[in-house]
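A.B. asks: The following block contains the structure, expressed as C-alpha cells.
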Amino acid sequence: QVQLVESGGGLVQAGGSLRLSCATSGRTFSYYAMGWFRQSPGKEREFVAAFSWSGSSTYYADSVKDRFTISRDNAGNTGYLQMNSLHPEDTAVYYCAARTSYRRYDALNYAYWGQGTQVTVSS
C-alpha cells in the first residue's frame, strides 16, 4: 500500500504559479501510476493530469494543458504538479492519487488518495 500527503496549496493571484507536492510513504510511485484530480464546491471530482502506467507518457485535461506539468522524482518518492498561469477557475481542492490500472482518467480507477490541498486563485 501507499499513503499520500499533498502540500503546496495556497492563495495566489491570477496569472501566478504554485507547485503541489505529493509525498509517499509505504510503497512509492515505482509501484503505481500517479494522477492529480481536483474538486470545486458543488462539482464532481475531475481529472487534471496523470502518468501512463509505464511512466513514460503524461496526459492532461484540456483545461490545464500547456499550463500544468506533472512530474515525479527519480526514486518515485514524491510527485509534483507545477501550475502556471493560474486562472480563478482553477480554484479547487487538489488531490494526488495512485492507481494500478491502465485507465487513467476515471477517479474510480485510483485506489489510493491523499487528503487534498486547497488552491485558491484570486482575480
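The values are calculated or read from the model by the stated rules, or taken from the named source; none is laboratory data. These numbers come from a predicted model, not from an experiment. Here the Cβ positions follow ideal geometry from the backbone for every residue, glycine too, while neighbour counts run over all protein chains shown. Quick note on the areas: whole protein, heavy atoms, side chains included, nothing else; ligands and nucleic acids left out. Shrake-Rupley method; radii C 1.70, N 1.55, O 1.52, S 1.80 Å.
A.B. asks: Restricting the range 56-72 to residues that are part of a loop (DSSP other than H, G, I, E, B) and of a type outside the set (Ser, Thr, Tyr), which is least open to solvent (accessible area, probe 1.4 Å)?
C.D. replies: Val64
A.B. asks: Tell me, which strands (runs of 3 or more DSSP E) wholly within the range 1-51 include 2 or more residues that are of a type in the set (Asp, Glu)? I'd like the intermediate steps shown before the answer.
C.D. replies: Values: elements: 2-7, 10-13, 18-26, 33-39, 46-51.
Because the criterion is at least 2 residues that are of a type in the set (Asp, Glu), no strands (runs of 3 or more DSSP E) in the range 1-51 meet it.
A.B. asks: Return the total of residues in the range 12-26 being farther than 18 Å from Val64 by Cα, surrounded by fewer than 17 Cβ atoms within 10 Å (Cβ to Cβ) and in contact (Cβ under 8 Å) with a residue 40 or more places away in the chain.
C.D. replies: 1
A.B. asks: Looking at (1) over 19 Å from Val93 (Cα atoms); (2) at pLDDT below 95, can you tell me which one Gly42 breaks?
C.D. replies: (1)
A.B. asks: Looking at the range 111-123, I want the residues that are in contact (Cβ under 8 Å) with a residue 60 or more places away in the chain and have a partner that is outside any strand (DSSP E or B) and among the acidic types (Asp, Glu) with Cβ atoms under 6 Å, at least 6 apart or on another chain. Which pairs are those?
C.D. replies: If the second residue must be outside any strand (DSSP E or B) and among the acidic types (Asp, Glu), the pairs left are Val121/Asp90.
A.B. asks: Which condition number in (1) over 11 Å from the mean Cα position of the chain (by Cα); (2) open to solvent by 50 Å² or more (accessible area, probe 1.4 Å); (3) more than 14 Å from Gly116 (Cα to Cα) is the one that Arg45 fails?
C.D. replies: Among (1) over 11 Å from the mean Cα position of the chain (by Cα); (2) open to solvent by 50 Å² or more (accessible area, probe 1.4 Å); (3) more than 14 Å from Gly116 (Cα to Cα), the lone unmet condition for Arg45 is (3).
A.B. asks: Same structure again: Mind listing just one residue for me: the one in the range 86-114 that is assigned to a loop (DSSP other than H, G, I, E, B) and open to solvent by less than 60 Å² (accessible area, probe 1.4 Å) and, of those, farthest from Val48 (Cα to Cα)? Break it down stepwise before answering.
C.D. replies: Just the residues of the range 86-114 that are assigned to a loop (DSSP other than H, G, I, E, B), to begin with: 86-87, 91, 100-106, 114.
Remaining after also requiring open to solvent by less than 60 Å² (accessible area, probe 1.4 Å): 86, 91, 101, 104, 114.
Values: Leu86: 13, Thr91: 12, Ser101: 17, Arg104: 10, Gly114: 15 Å.
The selected residue is Ser101.
A.B. asks: Which one of these is open to solvent by less than 20 Å² (accessible area, probe 1.4 Å) and at pLDDT below 90: Phe37, Phe29?
C.D. replies: Result: Phe29 is the single residue among Phe37, Phe29 that is open to solvent by less than 20 Å² (accessible area, probe 1.4 Å) and at pLDDT below 90.
A.B. asks: Another question, if that's okay. Please name all residue pairs, on different chains or six or more residues apart, with Cβ atoms under 7 Å, provided the first residue is in the range 69-94 and is closer than 27 Å to Val2 by Cα and the second residue is assigned to a loop (DSSP other than H, G, I, E, B) and basic (Lys, Arg).
C.D. replies: Within 7 Å, the pairs are Met83/Arg67.
A.B. asks: So, Glu6, is that one of a type in the set (D, E, K, R) and open to solvent by 20 Å² or more (accessible area, probe 1.4 Å) or not?
C.D. replies: In short, no.
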